[in-house]
C-alpha cells in the first residue's frame with residue numbers, strides 16, 4: 001500500500017488541515033472557484049476537530065480514572081491483608097473460617113520427615129599429618145553421579161573407632177560418636193598418640209528430628225604422622 005500524502009496521525013492531520021485550509025483560500029481565488037467550493041471540507045474539518053477534542057478529553061479522563069482505580073485497589077488490598085494477618089493468629093480461627101473466607105488453609109502441624117533407604121558413601125582423606133577429612137555423599141541410582149545428601153536428610157552422623165593397624169572394622173555398636181555434619185567433608189585433628197593406628201568410620205543420614213537411616217559400609221583411614 002502506497003504511503004498517503006496526508007498525515008495519518010490525528011494531531012498531525014489537524015495541523016496539516018490548518019495550513020491546507022488557509023492556503024486553499026488563495027488557491028481558490030487564483031483559480032476563480034466559487035466561495036462555497038470548500039464549505040464541505042471546512043464542515044468536515046470542524047467536525048473532526050470537535051471529535052478529536054472529545055476523544056482527547058476522554059483519554060485524559062480515562063487515565064485519571066485508571067489512576068484513581070489503581071490507588072483504590074492498592075488501598076483495598078492493604079486493608080484486606082491487614083485483616084487476614086489479624087485473623088490468622090487468633091486461636092479460635094479455624095480451617096472452616098479460612099475456607100469460608102476463600103483464603104489458603106495453612107497446615108500448622110508439619111509432617112514428620114521419615115528416614116529413607118539411602119545410605120551415604122564415605123571416603124577418608126589422610127593426606128595431612130594427624131588430620132582426617134571424612135567425605136560423605138549420596139550416590140545416585142546409576143552410581144555414576146553424586147549428590148550431597150538425600151532430600152529428607154539434614155546431615156550425616158559419623159561414628160568411628162580407633163584400632164591397632166590391621167584390625168578389622170568393629171560392629172556398629174562398638175563405634176563411638178564423632179560428629180553430625182550437614183556438609184561434606186567433616187574434618188578433625190587427631191592426637192599424636194594415635195599416629196600409625198587405623199580409624200574405622202561409618203555414616204548414616206539423619207533427619208531433622210534425629211532419626212537415622214541405614215549405616216554405611218565401613219571406611220578406614222590410617223593416622224599419618
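Taken together, the values in this text are just the output of simple stated rules run on the coordinates, not laboratory data. This structure is a prediction, so every number in the text was calculated from the model and none was measured.
Numerical summary
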{"quantity": "Quotient of Cα Rg and 2.2 N^0.38 Å for the chain, N being how many residues it contains", "calculated": "2.42"}
{"quantity": "Crossing angle, helix 10-31 versus the chain [Cα axis fit, 0-90 degrees, rounded to tens]", "calculated": "20"}
{"quantity": "Between 0 and 90°, nearest 10: helix 39-87 axis offset from the chain longest Cα axis", "calculated": "30"}
{"quantity": "Span from the segment 77-127 Cα centroid across to the segment 139-214 one, whole angstrom", "calculated": "32"}
{"quantity": "P(r) histogram, all alpha-carbon pairs of segment 10-87 included - 10 Å bins from 0, percent", "calculated": "15, 26, 17, 13, 11, 9, 6, 3, 1"}
{"quantity": "Cα pair distances in segment 121-222, grouped into 5 Å bins until the bin that holds the longest one, percent each", "calculated": "2, 13, 23, 25, 18, 11, 6, 1, 0"}
